[in-house]
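The values are calculated or read from the model by the stated rules, or taken from the named source; none is laboratory data. Just so you know, these numbers come straight off a predicted model, no measurement behind them. Here the Cβ is made from the backbone with ideal geometry for all residues, glycine too, and neighbour counts use every protein chain on show.
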């Protein structure tokens, strides 16, 4: 990897059972603000440092820590400076998607354990690089698709894997979110706000003029920074679908859709249907709509699994094909918070203690990326899980990675 934070691997203590985990939080708006509040509520976490490229957001969050904990925290405008802070044991990353993998890789190489928001990566190659970096450095990396630590999901997916409704032959995921998904209109290029380090905000992405439609949320709908709805809310349901099926990468992907109804600046689809096929013939169907379908779906997001002896829908449970409920006698496990589980994984450092390891996060995020690539090139694509490249599709292979800005490259070690 290239970057000043990754040039030197720093010494790292492994916290013991009675040590508080000293956390640095990277990206403090939106989900990052949620991270801060959740970490402050964990007795085994000490929020030690904060980092954001927006000076106003950084100052507001530091004031919140001082108000709630009566102490100051270190403030950094550059992630590389935070990662050089030897006091920090672990980081939580809630930047825009295009920063997830690079910040996590730099953190691993700086000797920090990592909680990184979903999706694990902005493209397929950098997800593989992050999974490899975690293995190479021995750091704990947890990806933030939150259902992985839900006790009902953990029980029910284990039952699926044990054949509770027979072998699973198909999974379905839906993502019909509408909140904050209306037309974003058009905004011209302009000077960035003085409080915002626009160059660092872009980080690995190709340099572009600032636009108010990028900061702080609508970057999701631009290919430079986001992955559309399938990589925003959809990655949660994608992760569940892949987890429940118990599969790795697909061998074929077909995806259709577009950005319908809205005359706006956004680039990513607001309507998308994707079909994945696996080497053993099983399938996954995934549907995204931002224009609404709630009465049809019964919910705005969800998952279903179809076995030879019945089906499962979260919220409705297991049924046979006569629609009779199949009771589950086993109660779910105890409730745990996501950062409580992160602390447990950091302390225990075994595969069993990490409910959302980076290899799993890579596969789930890659499904979203593969769907977007197939939609963008406009045809079905064959994929080789061993090489993680398309078969005889050089135009699609180009979209498995990106051209990085100097100093922010994500490459194989």
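Values for this structure:
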quantity: Which listed residue, of 205, 241, is under 18 Å from residue 101 (Cβ atoms) and either part of a helix (DSSP H, G or I) or touching a residue at least 40 places away in the same chain (Cβ under 8 Å) (or both); calculated: 205
quantity: Answer residue from the range 252-296, given it is within 22 Å of the chain's Cα centre (by Cα), at pLDDT 95 or above and in a loop (DSSP other than H, G, I, E, B) and is surrounded by the fewest Cβ atoms within 10 Å (Cβ to Cβ) among those; calculated: 267
quantity: Residue satisfying all of: in the range 211-237; in contact with a strand residue (DSSP E or B) (Cβ under 8 Å, 6 or more places away or on another chain) and in a helix (DSSP H, G or I); surrounded by the fewest Cβ atoms within 10 Å (Cβ to Cβ) among these; calculated: 236
quantity: Some residue of the range 148-171 being at pLDDT 95 or above, on the phi > 0 side of the Ramachandran plot and touching a strand residue (DSSP E or B) at 6+ places or on another chain (Cβ under 7 Å); calculated: yes
quantity: Subset of the range 181-202 [surrounded by fewer than 12 Cβ atoms within 10 Å (Cβ to Cβ), in contact (Cβ under 8 Å) with a residue 12 or more places away in the chain and either outside any strand (DSSP E or B) or touching a helix residue (DSSP H, G or I) at 6+ places or on another chain (Cβ under 9 Å) (or both)]; calculated: 186, 188, 190, 191
quantity: Tally of residues being surrounded by 13 or more Cβ atoms within 10 Å (Cβ to Cβ) and assigned to a loop (DSSP other than H, G, I, E, B) across the range 319-332; calculated: 4
quantity: The one condition in (1) touching a residue at least 24 places away in the same chain (Cβ under 8 Å); (2) assigned to a loop (DSSP other than H, G, I, E, B) that residue 147 fails to fulfil; calculated: (2)
quantity: Top-ranked residue in the range 380-398 [being more than 22 Å from residue 104 (Cβ to Cβ) and touching a residue at least 40 places away in the same chain (Cβ under 8 Å); ranked as surrounded by the fewest Cβ atoms within 10 Å (Cβ to Cβ)]; calculated: 384
quantity: Count - residues of the range 340-376 that are outside any loop (DSSP other than H, G, I, E, B), touching a helix residue (DSSP H, G or I) at 6+ places or on another chain (Cβ under 6 Å) and more than 30 Å from residue 222 (Cα to Cα); calculated: 4
quantity: So residue 308, is it within 23 Å of the chain's Cα centre (by Cα) and either under 24 Å from residue 122 (Cβ atoms) or surrounded by fewer than 14 Cβ atoms within 10 Å (Cβ to Cβ) (or both); calculated: no
quantity: Strands (runs of 3 or more DSSP E) completely within the range 43-105 that count 1 or more residues being under 25 Å from the mean Cα position of the chain (by Cα) and within 23 Å of residue 119 (Cα to Cα); calculated: 45-51, 90-93
